[in-house]
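Take a look at the structure below.
The values are calculated or read from the model by the stated rules, or taken from the named source; none is laboratory data. Keep in mind the model is a prediction, meaning the values are calculated, not measured. Note that each Cβ is placed from the backbone with ideal geometry, even for glycine, and that neighbours are counted across all protein chains shown.
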Amino acid sequence: MDASSNYYERKFSQCTLMGLSSADAAIEVIEAYLAGKPAPRKGKRKASDNDADFWQCAFLWDLADDSYESLPFSLALSNYLRQERVASFPLLAHVARVTPNVVWRSVRYSGLVLRQESLRWGEIKQLANTQPHEFGELVRICETFRQAHMERHSELESLRCQLKQLSPLELLVNSSLYAFENLLPDSVSESDGGIETQHCWEALNDILLWRLGLSSADDFRVTEEMLGSSLREHLSPFLFPSPEFARDHLDRYRIFGALVSAQLEFNSFMTRSVDAFCYDDGIRFEFSGSELVIVERDLRLRQIWEHNGEKLARLHQYWFYRAVQVFMGSGLAEAQMGRAENSEQNQLAYIKALRTTLRLTDVYGLGESLQTETGLRVDLFQALLSLELMSIFYHVDFVMPYNDYLNQTGSWQQALSRLAVGGLMEGLQNRFPITWSEKKAKIESIRPWTVSEAFPNGLAKAAEAILDFWTSDLGGLSSEMRKQGGTKSPELFERPILKMGRYLFQLPWMTSVQNNSSAAINNLRRLGARRAEARDETARIEQRLAEQLRGHGFSVLPNYQPVRTADDDPGEVDLICFRDGHVLVLEVKSTYLRRSLKDAWLHKVTTLRKAGLQLRRKVDAVTVALDSDRELASSLGIEEGKAVQDVRGWIVDTSLEHDHEHFSGFLKISVEEILIALRDDRHLLNDPAGMFAANGPSNSSESSVVTSLYPNDFSAERFINVIENGLVWESCEVQEQV
């Protein structure tokens, strides 16, 4: 191919003509390739054309070791190893001879470990033949992982095969029985070691999604007759034992339990072995004799991931205390909420809903209402309060009596039986491990929660909108999975009302103990990332951050567009802030809560890495503009002739992943850290009243000490020092969550 027709060769030449070194020019070109440039055009250019052009570039043969060892090149090489259409083995072999560790890293990042039918895996085996010392162990490790994966997957498939005849509804019934037996807090003794609840939820979720992927539309046309038949066969034998029931239900349930165990083992293997091998740079796998073991390479990297979990726990406390402050200031603390016997629980539900509302509005830019997928508008606080009230209802009416019966009988089946019979004796109440109702009835049960001055009897339309907000249509999801395969699937806790046909199902064990704050955030930011209102919410994050900074004496200019040049378009600058001679250039990102190492790593090498590159161009452009554009300087309150001390950039993200790391030299921090630093209320991170302590609330004056981050008053210099040195997180002790 003529070099002049190759975009990457042309870009490399242009960069060198502009004065960049060969190494810097190569990185610029690699970044363009990683960014998908030139963009594919339907009928004219495909992504594979980019692969073909890039891996033919002559300059790739002449890079210095440090260029090969850069993260961009490793990511580019991992792209090569993920695709099949383009082969460039001579170049791969060259890189392997010069810097074998880069090939190791790129193999890990590519996920090739479980794609050993790939042509690229054949190339890695060729390297092992010619360089056995460098790559023999890599191949051996990957083949060991593949064998272990095949064994676990085979076990999983064998058990799935035995339960394929179960409908999605019947799987939910078995899941609920399993959860009451194994997951509810008081049902597992400490001596048993227990089962980590979150991992079990994920396993049950994976089992349901597996079945949805195999289902047809008929599986979701749940009629009254079908519902009755499924419950008689799969639930009644456990709640109302009788000789007339065959023992098939026990055998089936035992197989289901084995399936959950196999799914747990498979998920654990994928997370702790495969994903750790691929994405955890803090460890390495190596053989000790015939055994594959983990060796710590960088303890600090592993501690960062654990520290993020601690930060999330602290933030959970922080927003709860913020909600308590608002609640106490509203005068509602003295008011009775609902019936006298329920008032205290209702107040707690109100505070928890207020907690999540504050977080969603202050951090994620939510408004007072939002539109559901069906087009109805839902009041945000009412939707959150309704879920909290559901949680309390299931906890008080299901979980608490179940645990009492369990302690009395020592049998989970007898406890469930007593729970169900007790409900039937109390006015035919449904106290089964899975509950169901038609939509109209569910709306009526929620309507009292929508009472307001304007609607003293509640509003059915508001209740319907709340239902829509929390409902996952399993039939629709199944159809999407069959058509698209890669659709974003809700986790059970994100939308906990499950629709099949005309019925809405709920799982009491889950709704009673789930983290409703996380459910709301991920419902909106993960599943609802493409909502029409999401763009407006991102803009409000920037607006509200600007308001907070202005309240502390900063001049703030939003959405500044630096001058575009023939060589570069820096793009719009989210926020430029000035005070006391210091200029802050902020790049704001809005994402969701991640729980897996893989998702956090992807966030790092995509969103955050790109943000660092964007910010570098924007900081450079703003620095130039402050000298040349008097209008810009004036809009920030910079007096003519007064020098700016420094211009620094921060990546400000709604997520905590990779906090206080640097991308292209720029610090990444969370929106919440900035808000806490500006409000100067970091003491709320440390459970000052002991509400989250194992021994209950504390009156200790020591726990209530408030130490300001700004002992000598607020200044830009001190604020920058607080943020860049992580002082917000100093002296915080993580307690159990409420």
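The condition (being in contact with a Ser or Thr (Cβ under 8 Å, 6 or more places away or on another chain), at pLDDT 95 or above, surrounded by 16 or more Cβ atoms within 10 Å (Cβ to Cβ) and not polar (S, T, N, Q)) is satisfied by just one residue among Leu163, Leu77, Leu127: Leu77. Looking only at residues that are in a helix (DSSP H, G or I) and in contact with a strand residue (DSSP E or B) (Cβ under 8 Å, 6 or more places away or on another chain) in the range 220-245, which one is surrounded by the fewest Cβ atoms within 10 Å (Cβ to Cβ)? Across the range 220-245, the extreme among qualifying residues is Leu227. Listed by position, the helices (runs of 4 or more DSSP H) inside the range 459-563 whose residues that are within 17 Å of Arg377 (Cα to Cα) and in contact with a Gly (Cβ under 7 Å, 6 or more places away or on another chain) number at least 2 are 534-550.
For the range 1-38, the set of residues classified as farther than 18 Å from Arg85 by Cα, without any contact (Cβ under 8 Å) to a residue 40 or more places away in the chain and small (Gly, Ala, Ser) consists of Ser4, Ser5, Ser13, Gly19, Ser21, Ala25, Ala32, listed by residue number.
Helices (runs of 4 or more DSSP H) fully within the range 253-372 that include at least 2 residues being of a type in the set (Gly, Ala, Ser) and either assigned by TED's automatic domain parsing to the domain that holds Val588 or loosely packed, with under 15 Cβ neighbours inside 10 Å (or both): 299-330.
Go through the residues of the range 57-73 one by one and say whether even a single one is out of contact with any strand residue (DSSP E or B) (no Cβ under 8 Å at 6 or more places or on another chain), farther than 26 Å from Lys604 by Cβ, of a type in the set (Ser, Thr, Tyr) and surrounded by fewer than 20 Cβ atoms within 10 Å (Cβ to Cβ). Checking the range 57-73: not a single residue is out of contact with any strand residue (DSSP E or B) (no Cβ under 8 Å at 6 or more places or on another chain), farther than 26 Å from Lys604 by Cβ, of a type in the set (Ser, Thr, Tyr) and surrounded by fewer than 20 Cβ atoms within 10 Å (Cβ to Cβ). The sole residue among Leu608, Leu584, Leu636 that is farther than 28 Å from Phe714 by Cβ and in contact with a strand residue (DSSP E or B) (Cβ under 7 Å, 6 or more places away or on another chain) is Leu608.
Scanning the range 363-422 for residues that are in contact (Cβ under 8 Å) with a residue 60 or more places away in the chain, closer than 19 Å to Leu183 by Cβ and aromatic (Phe, Trp, Tyr) turns up Tyr394, Phe398, Tyr402, Trp412. Every condition in (1) among the β-branched types (Val, Ile, Thr); (2) modelled with pLDDT under 90; (3) buried (at least 22 other Cβ atoms within 10 Å of the Cβ) is met by Thr487 except one, and the failing one is (3). Here Asp280, Asp251, Asp298 are screened, and the one residue that is acidic (Asp, Glu), at pLDDT below 95 and within 27 Å of Ser158 (Cα to Cα) is Asp251. The test for being more than 23 Å from Ile283 (Cα to Cα), in contact with a helix residue (DSSP H, G or I) (Cβ under 6 Å, 6 or more places away or on another chain) and part of a loop (DSSP other than H, G, I, E, B) does not hold for Arg120.
Here is a yes/no grid of residues against (1) assigned by TED's automatic domain parsing to the domain that holds Ser273; (2) farther than 23 Å from Leu608 by Cβ; (3) of a type in the set (Phe, Trp, Tyr):
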site	(1), (2), (3)
Gly19	no, yes, no
Ser70	no, no, no
Phe89	no, yes, yes
Ser106	no, no, no
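Looking across the range 639-683, the residues that are of a type in the set (A, V, I, L, M) and assigned to a loop (DSSP other than H, G, I, E, B) come down to Ala643, Val644, Leu656. Could you grab me the full set of residues in the range 407-439 that are among the polar types (S, T, N, Q) and assigned to a helix (DSSP H, G or I)? Asn407, Gln408, Thr409, Gln413, Gln414, Ser417 - these are the residues of the range 407-439 that are among the polar types (S, T, N, Q) and assigned to a helix (DSSP H, G or I).
For Val734, the requirement of being crowded, with 17+ Cβ neighbours inside 10 Å, at pLDDT 95 or above and among the aliphatic types (A, V, I, L, M) is not met. Got at least one residue in the range 35-42 being closer than 24 Å to Cys278 by Cβ, surrounded by fewer than 18 Cβ atoms within 10 Å (Cβ to Cβ), out of contact with any Ser or Thr (no Cβ under 9 Å at 6 or more places or on another chain) and modelled with pLDDT of 95 or more? Within the range 35-42, none of the residues are closer than 24 Å to Cys278 by Cβ, surrounded by fewer than 18 Cβ atoms within 10 Å (Cβ to Cβ), out of contact with any Ser or Thr (no Cβ under 9 Å at 6 or more places or on another chain) and modelled with pLDDT of 95 or more.
In this structure, does Ser437 turn out to be of a type in the set (S, T, N, Q), surrounded by 15 or more Cβ atoms within 10 Å (Cβ to Cβ), closer than 17 Å to Pro508 by Cα and out of contact with any strand residue (DSSP E or B) (no Cβ under 9 Å at 6 or more places or on another chain)? No, not satisfied. Could you please let me know if Ser698 is surrounded by fewer than 17 Cβ atoms within 10 Å (Cβ to Cβ) and at pLDDT below 85? Against the criterion (surrounded by fewer than 17 Cβ atoms within 10 Å (Cβ to Cβ) and at pLDDT below 85), Ser698 qualifies.
Only one entry in Arg502, Arg531 is surrounded by fewer than 18 Cβ atoms within 10 Å (Cβ to Cβ) and either among the aliphatic types (A, V, I, L, M) or at pLDDT below 90 (or both), namely Arg531.
Quick grid of which residues meet (1) touching a His at 6+ places or on another chain (Cβ under 8 Å); (2) surrounded by fewer than 13 Cβ atoms within 10 Å (Cβ to Cβ); (3) without any contact (Cβ under 8 Å) to a residue 60 or more places away in the chain; (4) more than 30 Å from Gln198 (Cα to Cα):
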residue	(1), (2), (3), (4)
Gly553	no, no, no, yes
Asp580	no, no, no, yes
Ser590	no, no, no, no
Val605	no, no, no, no
Ala611	no, no, yes, yes
Gln614	no, no, yes, yes
Thr623	no, no, yes, yes
Gly641	no, yes, yes, yes
Trp650	no, no, no, yes
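Filtering the range 550-602 to residues that are polar (S, T, N, Q) and at pLDDT 90 or above leaves Ser555, Asn559, Gln561.
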